[in-house]
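Working notes for the structure below.
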C-alpha cells in the first residue's frame, strides 16, 4: 500500500487553530461512510471465508473511504500538513498533497480471515493505541486522534504551536508523525481484511512512501445510497 503526505512549505501559521472546525463537514460525511464501510467489511469477510476473494466493489469503496479519511487527517488533526481543503471525494488523485492507495489482492487466505483482525493484530492494537489514541477496534486514524490524546495528536499540536511562533513546521516532527500515521493505516488495512501481509514493525518516516512505488488506483467507487 502507499501512504503519502507532502507538506505545504507555505502552510499558514494560524489556520491550524480553526481547522478543528473546518473539517466538521467532512467528519459528518465520514461517519456515514465508515458505518457503510463497516457493514461491507463484514460482508467481504464472509466472501473471503468461502471464496478466498475480496469482492472488488467493496474493496474499492473501503479503499476510497480510507483515502478520504487520510486526506482529512493530513489537513487537520493528523498532521496540519496543508491548507488546501480536502475534496469530498473517494477517488484517487496523485496530484493532491495527501493520497493513499491499496493494491487489490487477487487472492486472500480463507483461514486468516478468522484470526487476523483480533488475535494476530493484538500487538499492533496496543501500539496504535499509543500512536493514535483510543483502544477501540473501530474508526480511523482521524477519529481516534480526535477522541483522545494519542502521540500523533500531541506532536501535531506541538508542531502547530511552533509553526505559529516560528513560521516553520518542524521537519523532524513531520517525519515522525508521518511514520506513525503510516503505521496506523497499514494496521487498519490489515485488520479490515484488505491485505494478508502482516504490517511490518517499523516506522517509515517522511512524506514519501519507501521505494516510491504507487499501487494502481482503484476505480472511483460510488457513495452509498
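Any read-out appearing in this document is the output of simple, stated calculations on the displayed coordinates, not a laboratory observation. Since the structure is predicted, the reported quantities are computational estimates derived from the model, not experimental observations. Here Cβ is always computed from backbone atoms with ideal geometry, including for glycine, and neighbour counts include all displayed protein chains.
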Principal-axis tilt of helix 151-166 within the chain, Cα atoms, nearest 10 degrees: 30 degrees
GNM result for the chain, Cα springs below 10 Å: residue of 201, 174, 59 fluctuating most strongly: 201
Calculated FRET value between residue 88 and residue 110, using beta carbons and R₀ = 30 Å, to 0.05: 0.25
Burial order of peptide ranges 79-92, 61-74 (average beta-carbon count within 10 Å, highest first): 61-74, 79-92
Distance in nm between pseudo-label sites at residue 14 and residue 35 (7 Å out along the Cβ direction from Cα): 3.8 nm
Angle between the chain longest axis and helix 171-191 axis [Cα atoms, degrees, rounded to 10]: 20 degrees
Label-point separation in nm, residue 6 to residue 56, each point 7 Å along Cα→Cβ: 2.9 nm
Acute angle (nearest 10 degrees) that the helix 56-75 long axis makes with the longest principal axis of the chain, alpha-carbon atoms: 10 degrees
Pairwise centroid distance, computed over Cα atoms, of the range 156-173 with the range 100-127, Å: 35 Å
Expected 222 nm ellipticity per residue - DSSP helices of 4 or more, -39500 (n - 2.57), all of the chain, to 500: -16000 deg cm²/dmol
Prolate/oblate/rounded call for the range 30-144, Cα gyration tensor, a/c under 1.5 rounded: oblate
